[in-house]
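Note sheet for the following structure.
The values are calculated or read from the model by the stated rules, or taken from the named source; none is laboratory data. In this text the structure is predicted, and so the values were computed from the model without any measurement. Because the Cβ atoms are built from the backbone with ideal geometry, glycine has one as well, and the counts that use them run over all protein chains shown.
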Amino acid sequence: METDALLTWNHIQKELRDFIYRKVKDKALAADLVQEVFIKVQTNLPQLKDKSKLSAWIYRITRHVVMDHFRKRATLIQPVDINWESSQHEFNDCVAHCLNVLLETLPKKYGDALKLTELENLSQYEVAERLNISYSGARSRVQRARKLLKEKVEALYIIKVDAYGNIIMCENRIPCCCKKEC
């Protein structure tokens, strides 16, 4: 790193640590992220075209490092977030029960189409025949029903799944709509 950049880095390091701390609320993590910023600045310094914009460039890198930290954290489910005492099938059963309860709250034409495809395993062509509607009408109803059901689930629950689709966490956003204890 060039001498001017090193002097600027020493001057800006505390500001960066404070800036990052306001975002992450953890002093040790803020210090770690400042080091990550330092590494990125050092490795990418030859790409800086206008040295007068060094400070702004460092802050842009810092914002990206913080965003990357939160992105990684959001996609990773921490082991402490999982209730290892309960088995996964209990979550799956609870959510399945709640989905069935919510399915009954959909408008009849959408609920019927979704029940036929998902619960009776009929193709959308068979649903069209059974409901005496066109294939595109059946497809639209099923898609609309899925969208409505998804919106209701997202409004009521926070659900996390593992790589295999098993539910590993289910929390109510508001009191549960069903009588089954989860």
**Exclusive hit being assigned by TED's automatic domain parsing to the domain that holds Met67, of a type in the set (Val, Ile, Thr), surrounded by 12 or more Cβ atoms within 10 Å (Cβ to Cβ) and more than 17 Å from Phe70 (Cβ to Cβ), set Val34, Val24, Val41** = Val41
**Complete:** In the set Asn83, Asn100, the lone residue that is at pLDDT 70 or above and closer than 30 Å to Asn172 by Cβ is Asn100
**Fill in**
Scanning region 1-22 residue by residue, those modelled with pLDDT under 85 and in a helix (DSSP H, G or I) turn out to be Thr3, Asp4, Ala5, Leu6, Leu7, Thr8, Trp9, Asn10, His11, Ile12
